[in-house]
Amino acid sequence: QVQLVEAGGGLVQAGGSLRLSCAASRSIFSSADMNWYRQAPGKQREWVATITTAGRTNYANAVKGRFTVSRDNAENTVLLQMNSLKPEETAVYYCHTYLLPWGDFWGQGTQVTVSS
């Protein structure tokens, strides 16, 4: 199994940047894609970005061109660089992976608040 711990959330003005991190308790990046999700108040959790085991990245249309997902294999850490943030992107951001044979693993989330 694995534990995921997010960090880096906070309060930022619209147009600003934040970098989130997700630390995995062990090395899993060669066997599992890593995902970022977010959940705004009163809304369903939505997918934001993925970095695959091969290092390919995919993004939701809403964040394409502004967010960048990357990983540091040596540190077992996935990063989400978020630029040009918008107030509507205020949410709790979660790190996620699906790891066989156990299934889904989620971090505890980190709050991102974007003020207008």
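Some observations on this one:
- Options Ser25, Ser31: the member that is modelled with pLDDT of 95 or more, of a type in the set (Ser, Thr, Tyr) and surrounded by fewer than 13 Cβ atoms within 10 Å (Cβ to Cβ): Ser25
- Within the range 63-110, considering residues that are among the polar types (S, T, N, Q) and under 15 Å from Leu4 (Cα atoms), the one most open to solvent (accessible area, probe 1.4 Å): Gln108
- Among the residues of the range 1-22, those that are open to solvent by 80 Å² or more (accessible area, probe 1.4 Å) and not hydrophobic (A, V, I, L, M, F, W, C) comprise Gln1, Gln3, Gln13, Arg19.
- Residue within the range 44-57 that is touching a residue at least 40 places away in the same chain (Cβ under 8 Å) and either assigned to a loop (DSSP other than H, G, I, E, B) or surrounded by fewer than 16 Cβ atoms within 10 Å (Cβ to Cβ) (or both) present: yes
- Qualifying positions in the range 45-86 - of a type in the set (A, V, I, L, M) and within 22 Å of Leu11 (Cα to Cα): Val48, Ala49, Ala62, Val63, Val69, Val78, Leu79, Leu80, Met82, Leu85
The values are calculated or read from the model by the stated rules, or taken from the named source; none is laboratory data. Predicted model, so just to flag it, every value in this text is computed and none were measured. Because the Cβ atoms are built from the backbone with ideal geometry, glycine has one as well, and the counts that use them run over all protein chains shown. The area values use the complete protein model at the heavy-atom level, side chains included, leaving out ligands, DNA and RNA. Shrake-Rupley method; radii C 1.70, N 1.55, O 1.52, S 1.80 Å.
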